[in-house]
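First up is the structure itself, then whatever we jot down about it.
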Amino acid sequence: RMAHSKGVQVMVDGAHCVGHFEFNIEDLECDYYGSSLHKWLAVPLGTGMLYVNDAHIDTVWPIFAESNRDEGDISRLNHTGTHPVYHDLCIENAIDYYNRLGGARKEARLRYLQEYWSSRVRDVPNIVVNTPKASYRACGIANVGIKNIKPSVLAKRLMDEYNIFTVAIDYANVKGCRITPNVFTLTKELDVFVKALKEMAS
């Protein structure tokens, strides 16, 4: 609202939101919203979503010239040339799977998994959990680091020594690895991760 009061349009980077927790884009009152669907809908890389407020559809230029649709038709912005058809097909299946699970159930499961492992290392010496403890401030994603170990080194050691894939984050005052278990992750697998962190921190 502050930006809008100054005549500034707002775009939200919601890369991790769709399929992660329940929300309504319209509640954000943004002009544009972008999301990466491969993250929490588990579809192939290269899939994404762009929301454009109805008021702006006819002011956005499509990537390729489009002459067969009205200016207010959002589908004119989806003309990107030839692309793999399996992207479109798998998105439909992923949304169907998400709906069968139920957004609230998936959100609860993801939050449970995050709190399962993070609660076991928060008080361990040398381990730094960069994600707030309060449930309402986080869901499935958490970031954890170990003092005196660079995030890139931590990620490499987790992969090389424990076969655990993570993403190193080392910017904006956040130093650690992003941990993102999905609904199918087992707690016994998270136990392996917790054990690995404790061993490296000791």
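Bear in mind these aren't lab numbers, they're just calculated from the coordinates by the rules spelled out. Given the structure is predicted, the values throughout are model-derived calculations rather than measurements. Backbone-built Cβ (ideal geometry, glycine too); neighbour counts: all protein chains shown.
Each Lys and Arg contributes +1 and each Asp and Glu -1, all at the Cβ; summed about the Cα centre of the stretch 101-154, the dipole is approximately 60 debye.
Sites listed here are trypsin sites (Lys or Arg not before Pro) in the stretch 1-56 whose DSSP assignment is loop and whose Cβ has at most 13 other Cβ atoms within 10 Å: R1, K6. Positive end of the dipole of the stretch 55-118 (Cβ unit charges, origin at the Cα centre): among N99, T80, N68, the Cα lying farthest that way belongs to N99.
Placing +1 on the Cβ of every Lys and Arg and -1 on the Cβ of every Asp and Glu, with nothing else charged, gives the stretch 163-202 a dipole about its Cα centre of roughly 60 debye. What shape does the stretch 104-201 take by its C-alpha gyration tensor, where a ≥ b ≥ c are the square roots of the eigenvalues and a/c under 1.5 counts as rounded, a/b above b/c as prolate, and the rest as oblate? Prolate, because a/c is 1.5 or more and a/b exceeds b/c.
Projecting the Cα atoms of I149, C139, S35 onto the dipole axis of the chain, where Lys and Arg carry +1 and Asp and Glu carry -1 at the beta carbon, places I149 farthest toward the positive end. Round to a whole angstrom and tell me the spacing of the C-alpha centers of the stretch 38-106 and the stretch 2-19. Measuring centre to centre over Cα atoms gives 18 Å. As a ratio to 2.2 N^0.38 Å, the alpha-carbon radius of gyration for the stretch 2-101 is 1.18. Structural descriptor for the stretch 104-201: relative contact order 31 percent, calculated from alpha carbon pairs under 8 angstrom and at least 6 residues apart.
The ranking of Y51, Y136 from fewest to most other beta carbons within 10 Å of each one's beta carbon is Y136, Y51.
Ordered by the count of other Cβ atoms within 10 Å of each Cβ, fewest first, L113, L50 give L50, L113. Amide H contacts under 5 Å for V167: R178, restricted to partners 5 or more places along the chain or on a different chain, H placed in the peptide plane at 1.01 Å from N. In summary, the chain shows an alpha-carbon radius of gyration equal to 1.22 times the 2.2 N^0.38 Å reference for compact globular proteins.
Assuming 0.36 nm per residue, please report the length gained on full extension of the stretch S152 to K188 beyond their Cα-Cα distance. If you can, show how the numbers build up before the last one.
Values: separation 36, 0.36 × 36 = 12.96 nm, distance 2.50 nm.
That pair, S152 and K188, stretches by 10.5 nm at full extension.
Computed from backbone phi, the HN-Hα couplings of the stretch 28-35 come to 6, 6, 8, 8, 9, 8, x, 9 Hz, rounded to whole numbers (Karplus: 6.51 cos²θ - 1.76 cosθ + 1.60, θ = phi - 60°; Gly and Pro given as x). Summary value for the chain: 15 percent relative contact order, contacts being C-alpha pairs under 8 angstrom separated by 6+ residues.
Straight-line cross-link partners of K175 among the lysines, defined as a Cα under 27 Å from its Cα and at least 8 positions apart when in the same chain: K39, K133, K147, K150, K156, K188, K195, K198.
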